[in-house]
Structure formats: structure tokens, C-alpha cells
Amino acid sequence: MLPLTPHDPDRIGPYELTHRLGTGGMGQVYLGRDRTGSCAVVKVVRSALVEDDRLDGTDYRARFAREAELAARVGGRYTAEVVDSDPRSERPWIAYEHVPGPPLKDELSERGPLDVPSVRALAVLLAKALQAIHSEGLIHRDIKPSNILLAPDGPRVIDFGIARPTEGSTMTGTGHVFGTLPYMSPEQAEGSPLTPASDMFALGTTLAQAATGNCPFDGPSEPRILMNLVSPPPVEVLAGLPTDLRALIRDCWAHDPGLRPTPSEVVERCTAEGLERTWPPRSLEAPEATTTSVLGETPAEGTEGTEPQPIEATVPAPTPIHLESTGTATTVEPIAPPFVGLPYRYGIVLGVLVVLLLLGVFLLS
């Protein structure tokens with residue numbers, strides 16, 4: 001998070017802005033608080049885009065309103081919920097729930113690739129997110145590491161700014177192609193009509209970057225990236241991965257959209273290999289953190305993993321005595337009490353004999 005600059009607004013709608021979270025193609029993203037103290041992520045359209053509305057053939061105000069509508073339609077477990085919006089205000093804005101967790105892109109930049117079990121868990125949870133998105137008749141069209149938040153209870157897919165209904169889902173009649181080029185499907189880069197399978201190509205690219213640390217289709221220029229996308233996929237970058245992950249990503253990269261796996265097939269394939277662990281990735285785990293099953297459940301009390309372990313009985317150790325002169329703790333064995341066995345009994349007998357002797361002398365005299 002960054003502090004606000006003098007050019008940033010202090011308030012948007014009911015939200016007092018506290019920090020700048022980032023800048024995108026359409027505007028700025030801030031952290032804000034409402035009057036109850038609740039946090040929200042507030043996305044605001046840049047003033048220049050609103051003032052120059054339709055200058056480049058894009059109605060940004062309408063696009064922003066559509067983003068709010070589509071994000072609210074999906075809602076639920078795998079996205080950031082829309083809590084408020086006002087696309088008709090002077091500066092249109094959308095407020096999303098604040099999701100704790102870094103973008104996958106930042107995690108990879110700072111800590112490197114995820115471990116293999118975490119990549120499998122990521123594949124299952126992102127596939128479930130795409131299942132929810134596609135079930136609403138939508139195509140996200142911009143699946144990439146910066147649009148995936150690594151929340152403690154599972155990844156969240158964000159930014160529905162260029163999402164579209166599946167019917168006729170090329171963008172505008174102006175020749176514009178929307179998306180992030182290295183994460184596009186070949187048909188998206190060519191401006192062809194899209195199906196939900198386009199998101200599955202991007203899922204494969206995102207999983208490859210999560211496992212290797214690099215985007216396999218990136219390049220020094222747009223023509224080079226386009227050439228990478230339409231050429232045979234770079235499966236050689238997956239050489240270090242287990243066979244099942246290599247095959248899954250390779251299948252997501254099929255140039256024929258009909259040959260790519262569906263979200264439910266991704267879940268089945270990863271689960272068939274056996275998920276070795278739960279969410280979150282090891283690099284994000286806090287000590288004693290609660291993990292979440294990749295099936296979206298928290299282990300219940302009394303289930304495996306929470307069963308109390310037997311405790312071995314031990315003999316208490318001697319109590320340490322602190323020696324103030326040295327400041328250290330030293331264990332001192334208890335001192336046995338004086339022995340009072342036979343010598344004590346002999347003393348009693350001797351005393352009785354002395355008494356009897358004196359008594360005899362008294363009687364004889």
C-alpha cells in the first residue's frame with residue numbers, strides 16, 4: 001500500500017480514502033473506510049477517461065457500470081464481492097470487499113514459484129472460480145496472476161472490467177482487442193469470437209507461471225508475443241514439473257478450443273492425482289494458521305488432523321533454583337533428611353537402662 005498523493009481524492013462516495021493500492025488502465029484503486037469503519041477496495045475511473053468519453057470509441061462509464069453488474073452477478077466464494085457502486089457519479093466508482101492477501105503476481109515476484117502441491121490446489125480452486133463465472137454465462141477474458149488474490153480461504157478472481165457474456169463476445173466494432181497480451185488465448189489475440197475455453201488457455205498460462213515463476217508467452221515486443229501465442233506452445237518450460245501437471249497445462253494450451261479441459265475436468269484430474277495439502281501455499285502460511293481444504297471446507301473439529309494426540313507421562317523434573325549471583329538457573333538435587341534409624345533407637349535403649357539402674361540403687365539403699 002502507498003500513501004495518498006496530493007492529486008488523489010480524500011473521499012469517494014461514502015468512503016474516506018486512506019491508501020493507494022495501484023493504478024490500472026482505467027483508473028486508480030484505493031483502500032477506503034466507510035462510516036462504520038469497514039474497509040473496502042474502491043476502484044475509480046480516471047477523470048480524463050470520463051471527460052473524453054467515447055474519444056477512442058469506448059464508453060468508459062458504461063463499461064464501468066457493466067463491470068459492477070457482472071462482478072455482482074458472479075459474487076460468492078471465488079471473487080471479491082461488490083459492496084457498492086455509482087457509475088453515474090462525476091467520477092464513476094465501484095467498492096469491492098477488502099480481501100486480505102497479495103496478488104499472485106506479487107507473491108511470485110517476491111518469493112518465487114509455488115511448490116507443486118500448492119500449484120495443484122491453485123488449479124482446483126481457480127477451476128472452481130471459472131466454473132462459477134461460466135455458469136453465469138460469462139467469459140472473464142483476463143485471467144492472469146495480477147487478477148488473482150491469494151486470500152487465506154482460497155484464491156479470488158478479480159477485475160471483471162472486460163468480462164463479456166458468452167453470446168457474441170468479441171469486443172467492439174472498432175478493431176480493439178481487450179485483454180493482457182501474454183495471457184490471451186490465440187483466438188483472443190486474433191480478435192476471433194470467444195468461448196469459455198479461452199479462459200482455460202489463460203488458466204494454463206497462469207498455472208505455468210505459478211509453477212516456474214515466468215510467463216511462458218511473454219516477449220520483448222507485441223509482434224513477438226503474438227508469434228509465441230500462435231506458435232506451438234512452449235511445453236519445454238514445463239520439463240521440471242510432474243507428469244500430471246505438464247499434461248494438464250499442455251492440454252489447456254491446445255490451439256483447438258474444443259480440446260481444452262473444462263473447469264470440472266481440471267478439478268477431477270488434479271484430485272485424481274491426490275492433493276497433498278490444503279490452502280494456502282506454504283509461503284503464505286502463518287504459524288498455527290487454519291488451513292482450508294481445496295474442496296472449500298475447513299477441517300471440522302474432531303476430524304483427522306485435529307484429533308488430540310496422546311501425551312506421554314513424565315516424571316517431574318527437580319525444581320530449578322535461581323542463583324541471583326550468577327543469573328543462571330541450576331538444578332539442585334533435594335537433600336536427604338538426616339538418617340535417624342539405628343543410632344536413634346540405641347539412644348532410647350541406653351536411656352531406659354540408665355533409669356532402671358538408678359531405680360535399683362534407690363531401692364537397695
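Can you confirm whether Ala300 is at pLDDT 75 or above and in a loop (DSSP other than H, G, I, E, B)? It is false that Ala300 is at pLDDT 75 or above and in a loop (DSSP other than H, G, I, E, B). Selection of first residues in segment 190-207 that are closer than 21 Å to Leu104 by Cβ and in a helix (DSSP H, G or I) and of second residues that are open to solvent by 40 Å² or more (accessible area, probe 1.4 Å) and modelled with pLDDT under 95, restricted to Cβ pairs under 7 Å at least 6 apart or on distinct chains, gives an empty result.
For segment 214-230, check the following and say yes or no: at least one residue is more than 22 Å from the chain's Cα centre (by Cα), surrounded by fewer than 15 Cβ atoms within 10 Å (Cβ to Cβ) and over 22 Å from Ser198 (Cβ atoms). Taking every residue of segment 214-230 in turn, at least one turns out to be more than 22 Å from the chain's Cα centre (by Cα), surrounded by fewer than 15 Cβ atoms within 10 Å (Cβ to Cβ) and over 22 Å from Ser198 (Cβ atoms).
Among the residues making up segment 250-270, those that are assigned to a loop (DSSP other than H, G, I, E, B) and open to solvent by 70 Å² or more (accessible area, probe 1.4 Å) are His255, Asp256.
Looking only at residues of segment 67-83 that are among the charged types (D, E, K, R) and without any contact (Cβ under 8 Å) to a residue 40 or more places away in the chain, we find that the one that is farthest from Ala151 (Cα to Cα) is Glu69.
Annotation note: of Ile139, Ile133, the sole residue that is open to solvent by less than 40 Å² (accessible area, probe 1.4 Å), in contact with a strand residue (DSSP E or B) (Cβ under 6 Å, 6 or more places away or on another chain) and modelled with pLDDT under 95 is Ile139. Do we find a residue being at pLDDT 95 or above and farther than 24 Å from Pro113 by Cβ anywhere in segment 163-183? Looking through segment 163-183, none of the residues is at pLDDT 95 or above and farther than 24 Å from Pro113 by Cβ. Restricting to segment 86-107, and then to whatever is in a loop (DSSP other than H, G, I, E, B) and farther than 9 Å from Ala65 by Cα, can you tell me which residue is most open to solvent (accessible area, probe 1.4 Å)? The qualifying residue most open to solvent (accessible area, probe 1.4 Å) is Glu90.
Does Val83 satisfy the criteria of being assigned to a strand (DSSP E or B) and surrounded by fewer than 24 Cβ atoms within 10 Å (Cβ to Cβ)? Here the answer is yes, as Val83 does meet what is asked. Counting only residues that are in a loop (DSSP other than H, G, I, E, B) and touching a Leu at 6+ places or on another chain (Cβ under 7 Å), which one in segment 1-35 is most open to solvent (accessible area, probe 1.4 Å)? That would be Met1. Evaluated against (1) at pLDDT below 75; (2) touching a helix residue (DSSP H, G or I) at 6+ places or on another chain (Cβ under 6 Å), Arg260 falls short on exactly one condition, (1).
The values are calculated or read from the model by the stated rules, or taken from the named source; none is laboratory data. Only a predicted model underlies this, so the values are computations on that prediction, with no experimental measurement involved. As a convention, Cβ positions derive from the backbone with ideal geometry for all residues, glycine included, and neighbour counts pool all protein chains shown. All accessible areas refer to the heavy atoms of the entire protein, side chains included, with ligands and DNA or RNA removed. Shrake-Rupley method; radii C 1.70, N 1.55, O 1.52, S 1.80 Å.
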